[in-house]
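Working notes, structure below.
The values are calculated or read from the model by the stated rules, or taken from the named source; none is laboratory data. Bear in mind that the values here come from a model prediction, so they are computed numbers and not experimental data. In this analysis, Cβ positions are derived from the backbone assuming ideal geometry, glycine residues included, and neighbour counts consider all displayed protein chains.
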Amino acid sequence: MTLFRGNVLDTPTSPFTGGSLRSQDDCGLLVRSGVIAARGPFDVLRAEHADEPVLDLREGLLLPGMVDTHVHFPQVRVIGGLGLPLLDWLDRCALPEEMRLAEADYARSVARDFVAGLVDAGTTTALVFGAHYASAVDSMFEAADQWGLRVTTGLVTSDRLLPEPLLTTAERAYSESLDLATRWHGKGRLRYAVTPRFSLSASEAVLEACAAVLSEVPGSWFTSHVNENLHEIREVAALFDGAAYVDTYDRFGLVTPRSVLAHDVHPTDAELATLAERGAAVAHCPTSNAALGSGLFPLRRHVEAGVRVALGSDVGAGTGFSLFKEGLQAYFVQQLLGPAGMPLTSAHLLWLCTGAGADALGLAQDVGDLSVGKQFDAIWLLPEPGDPLAVGLANASSPDDALSKIFALGTSSDVGGVWVGGDQIASGRWRLPLHP
Ligand code: GUN
Ligand code: ZN
């Protein structure tokens, strides 16, 4: 067991439904077999557990691990391709790189870069958009397993309108997906995600194959893209007899409480009603939406319709791994929407980065905050002395103010330590001795 000692910030209940920031200075967290066994004032826990080793993290702040609900592993090396709308960006930036992952050694090194990016950013749980090649998806699972991250991912499938090397058939998609799920689903912290790229590039036969895999792999997840870009939406409608984008998945039974659809920048009210009725979640990807000029996310309409929303970095259209940046950009967008926007507090932002993601991924029993009974998935924020975040935190007027400063100023370089299930995992920028 280890007794962690620190200043803890988390959001055990959603601020969208009345929750608020929980702040506890000099908090003790007793961690046994990766799970938080007790929580309370450090002095009290120390008296009860006098012999346990103590890890003193009071110098910075302790937060739950970040949960990224939409991030593309094959795109880590093309982050920053600015100036193009979605379909042009896919053609010129993303897809040429994704074809390179046919080569297994290349895919393996990309997977290593990708996982390092997640860990550096303090992301401990992620729904990862995989690759079009099964061998590359194996590399992703292997890398996540080596680092001990909670990763849900799978084979990306498409059978039309992409460059030929990225295409498959419904039959091959089905069998390769099942093979991958057999190898990885339920191994350690890994799970399988059925992943048609988007209905623009997936025929009805591929979507049917996806539905078969989803039902044959108990506990697997479903993810894809929806309503991201107006041009894309028109093209999808033309391919599916004028159907609404959400319905192109729904008619195959792919919209369920185990579904996370990315973007949804331009939904109709009827689509929001379908998402709410089915219990599906939306991954809001604010830096990507801004970088590709996709639009301003209608968060208020989602919340009022009862659709669950979490955050995704959408690397590589998104501009980096840090969910602090995504949270800040989400806040900006709601400000810019004026009366149609939803004013967000720093507690909303932390919830969107943690508890909301855990909920969207069906992991809320285990992660998302630092309550007793949850896994100890945590990040230690430790800005360099003298940098603007350190100065801001030293002068914060309240815990909510400190958290606002974290979202305004925090970056991956402020993450000084990362734990998953009580295991400390290291990154290149490690600043904490590995043992208490
Ligand atoms: N739609 C289909 N593929 C992609 C992708 O790779 N990135 C984004 N942002 N949207 C997509
Ligand atoms: Zn995406």
Inset, instruction - May I ask you to list pairs of residues, at least six apart or on different chains, whose Cβ atoms are under 9 Å apart, with the first in the stretch 266-287 being at positive phi and the second being part of a strand (DSSP E or B) and more than 16 Å from ligand 2 (Cβ to nearest atom)? - result: Gly279/Arg308
Legend entry - Criterion (touching a residue at least 40 places away in the same chain (Cβ under 8 Å) and out of contact with any His (no Cβ under 8 Å at 6 or more places or on another chain)) met by exactly one of Glu98, Glu52: Glu52
Inset, instruction - Take the stretch 25-82 and flag every residue that is within 16 Å of ligand 1 (Cβ to nearest atom) and under 16 Å from the mean Cα position of the chain (by Cα). - result: Asp68, Thr69, His70, Val71, His72, Phe73, Pro74, Gln75, Val76
Inset, instruction - Taking Val137 as the residue in question, decide whether it is of a type outside the set (Gly, Ala, Ser), buried (at least 24 other Cβ atoms within 10 Å of the Cβ), without any contact (Cβ under 8 Å) to a residue 40 or more places away in the chain and over 23 Å from Pro64 (Cα atoms). - result: no
Inset, instruction - Considering only the stretch 1-24, state which residues are within 26 Å of the chain's Cα centre (by Cα), in a strand (DSSP E or B) and either basic (Lys, Arg) or surrounded by fewer than 18 Cβ atoms within 10 Å (Cβ to Cβ) (or both). - result: Arg22, Ser23
Inset, instruction - Could you tell me which residue of the stretch 313-355 is nearest to ligand 1 (Cβ to nearest atom), considering only residues that are touching a strand residue (DSSP E or B) at 6+ places or on another chain (Cβ under 7 Å) and charged (D, E, K, R)? - result: Asp314
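In this structure, is Asp88 without any contact (Cβ under 8 Å) to a residue 24 or more places away in the chain, within 27 Å of the chain's Cα centre (by Cα) and within 30 Å of Phe114 (Cβ to Cβ)?
Values: without any contact (Cβ under 8 Å) to a residue 24 or more places away in the chain: yes; within 27 Å of the chain's Cα centre (by Cα): yes; within 30 Å of Phe114 (Cβ to Cβ): yes.
When the stated conditions are applied, Asp88 passes them.
Within the bounds of the stretch 124-134, is there any residue that is modelled with pLDDT of 95 or more and more than 21 Å from the chain's Cα centre (by Cα)?
Residues of the stretch 124-134 that are modelled with pLDDT of 95 or more, as a first pass: 124-134.
With the extra rule that they be more than 21 Å from the chain's Cα centre (by Cα), the set shrinks to 133-134.
Yes; the residues of the stretch 124-134 include at least one that is modelled with pLDDT of 95 or more and more than 21 Å from the chain's Cα centre (by Cα).
Considering only the stretch 153-165, I want to know if a residue exists there that is acidic (Asp, Glu), at pLDDT 95 or above and within 16 Å of ligand 1 (Cβ to nearest atom).
Pass one, the stretch 153-165, residues acidic (Asp, Glu): 159, 164.
Within this subset, residues satisfying the condition of being at pLDDT 95 or above are 159, 164.
Narrowing further to those that are within 16 Å of ligand 1 (Cβ to nearest atom): 159.
Scanning the stretch 153-165 turns up at least one residue that is acidic (Asp, Glu), at pLDDT 95 or above and within 16 Å of ligand 1 (Cβ to nearest atom).
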Inset, instruction - Pull up the stretch 262-320, narrow it to residues that are among the hydroxyl-bearing types (Ser, Thr, Tyr) and buried (at least 19 other Cβ atoms within 10 Å of the Cβ), then point me to the one that is farthest from ligand 2 (Cβ to nearest atom). - result: Thr274
